[in-house]
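The values are calculated or read from the model by the stated rules, or taken from the named source; none is laboratory data. Being a predicted model, the structure only gives us computed values, none of them experimental. For neighbour counting, all protein chains shown are included, and Cβ atoms are generated from backbone atoms with ideal geometry for every residue, glycine included.
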Amino acid sequence: MQPVLLAIDRFSAFVGKLFAWLILALTLAICYEVFARYLFRAPTSWAFDMSYILYGTLFMMAGAYTLSRGGHVRADFAYRLASQRRQALIDLSLYLLFFLPAMIGMMIYGWDFFLLSLAQNEQSSVSPDGPLIWPFKFIIPLAAATVLLQGFAEIARCVICLREGAWPQKLNDVEEMEVLALEAARRLYEAEQAEKSA
């Protein structure tokens, strides 16, 4: 089971890192718009559409990667104090009560939303050029599917933790600065305590 869970983590990381390159495209588009608007007095008609489409796509497609790394918001002050089994029970309950219905609903209704947009050949009404919107509405069910896949991996981890009493290994490619700072403070404290007792 562990190789399957790590493969899902790798897939989520691949998708998240692939779509992270959109931040570069977004930065270049916004910089171009600023230079065109203020230096050349020739604002673009596509910059607003481009910015919300790229940012929305980036935000949604990073969801599975964020979930795989435990980066979504939770009440850590209480959660951290709980035993690993209790953490798994809390997580499993929340996945079953809220996560699964939300992601399944987002896939179903996102797909309908996309199909309606495709049937109308929907274009943006915000700018005069009106780029096609329906390809980007496909991102809604696609993002929900990737997050749901990662969610199944997290649910399996909860079940494993409830059975074995410890969380199974996850892929780690980044660490939060808070975690690194706490670890450094803990080592410093232990070194000071060792000096005092010596």
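For the condition modelled with pLDDT of 95 or more and either touching an Asp or Glu at 6+ places or on another chain (Cβ under 7 Å) or more than 28 Å from PHE48 (Cα to Cα) (or both), what is the one hit in ILE90, ILE160, ILE133, ILE140? Criteria check complete, one pass: ILE160. For the range 134-141, the criterion of a residue being under 28 Å from SER45 (Cβ atoms) and in contact with a strand residue (DSSP E or B) (Cβ under 9 Å, 6 or more places away or on another chain) is satisfied by at least one position. Screening PHE77 against (1) in contact with a helix residue (DSSP H, G or I) (Cβ under 6 Å, 6 or more places away or on another chain); (2) under 30 Å from ALA166 (Cα atoms); (3) not β-branched (Val, Ile, Thr) leaves a single unmet condition, (1). For first residues located in the range 119-143 and within 30 Å of PHE99 (Cα to Cα) and crowded, with 17+ Cβ neighbours inside 10 Å, partners that are among the acidic types (Asp, Glu) and at pLDDT below 95 and lie 6+ apart or on another chain with Cβ distances below 7 Å form the pairs ILE133/GLU122; TRP134/GLU122. GLY105 meets the conditions (1) more than 22 Å from LEU6 (Cα to Cα); (2) not in a helix (DSSP H, G or I) in every case but one. The failed one is (2). Would you confirm, using the coordinates I've provided, whether ILE160 is in contact with a helix residue (DSSP H, G or I) (Cβ under 6 Å, 6 or more places away or on another chain) and either of a type in the set (Gly, Ala, Ser) or closer than 30 Å to LEU97 by Cα (or both)? Taking the combined requirement at face value, the residue does not satisfy it.
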